[in-house]
Ligand SMILES: C[S@@+](CC[C@H](N)C(=O)[O-])C[C@H]1O[C@@H](n2cnc3c(N)ncnc32)[C@H](O)[C@@H]1O
């Protein structure tokens with residue numbers, strides 16, 4: 001466990017919006033910014049193929065994923081307040097949200113689950129439950145890093161990062177930083193669009209407020225899934 005202020009310069013000159021070529025490059029900058037330090041116990045609850053850790057890999061990294069060790073991010077084995085940094089890269093678009101999805105893409109987003117959320121509300125419910133678990137296991141002043149993005153589903157634009165920030169705030173996770181990853185979108189057969197094509201994703205750096213008390217099940221239930 002380590003203190004960020006002692007480990008990193010406050011401003012490493014890293015821009016908040018960039019064309020990071022990969023998530024691994026993004027995470028390497030998160031490390032340079034000091035949100036992950038070398039002594040930290042880091043738990044990646046959606047490890048997937050481990051793509052976040054190809055450049056920087058902390059010595060104390062625990063990997064969970066439904067399709068890796070069967071651990072559901074809604075029910076983590078870690079004790080309350082025992083982790084310095086939780087990394088959460090949940091499924092990012094409801095099932096059927098992208099006409100260009102391939103089977104591989106689908107599995108990368110959802111893992112081997114047959115109950116992948118089919119609506120924005122169900123996806124948010126899943127993510128909110130994971131966020132509550134991340135909040136339970138992170139220590140006061142520790143970080144929860146959430147990767148997410150706005151997306152079109154049906155005719156509507158859904159601002160998932162905003163919904164996650166609001167929910168985080170309600171359960172003691174304060175927005176400390178936000179890194180916007182800009183990418184060049186691939187080719188498409190579509191000739192018309194009802195809105196701007198989405199080509200950004202967000203890495204939210206949420207910090208558990210100091211002296212936050214342990215979150216009971218009734219607190220989580222009281223936060224409800226309806227308020228976004
Ligand atoms: C966007 S991908 C994460 C990709 C990962 N960061 C990587 O670099 O490969 C989402 C991951 O969440 C996992 N997942 C989906 N639902 C889950 C759940 N309820 N509990 C745990 N993992 C889940 C999927 O298996 C998938 O690997």
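Just so it is clear, none of the values below were taken in a lab; they were calculated from the coordinates. Model, not experiment: these values are computed from the prediction. In this analysis, Cβ positions are derived from the backbone assuming ideal geometry, glycine residues included, and neighbour counts consider all displayed protein chains.
Quick notes on this one:
- Its residue count N sets the reference 2.2 N^0.38 Å, and the alpha-carbon radius of gyration of the range 11-77 equals 1.21 times that reference.
- Ranked by the mean number of other Cβ atoms within 10 Å per residue, highest first, peptides 183-196, 152-165, 133-146 order as 133-146, 152-165, 183-196.
- Annotation: extensible slack from residue 209 through residue 118 equals 29.5 nm (criterion: 0.36 nm per residue apart, minus Cα-Cα distance).
- Exposure proxy ranking for 64, 31, based on other Cβ atoms within 10 angstrom of each Cβ and starting from the fewest, stands as 64, 31.
- Multiplying the residue separation of residue 19 and residue 200 by 0.36 nm and subtracting their alpha-carbon distance yields 64.2 nm.
- Full extension of the segment from residue 60 to residue 166, taken as 0.36 nm per residue of separation minus the current Cα-Cα distance, would add 35.2 nm.
- Quotient of Cα Rg and 2.2 N^0.38 Å for the range 122-166, N being how many residues it contains: 1.31
- Inter-centroid distance (Cα atoms) of the range 26-45 relative to the range 184-203, Å: 29 Å
- Here the simple spin-label model places points 7 Å from the Cα toward Cβ, and for residue 39 and residue 180 these points are separated by 3.6 nm.
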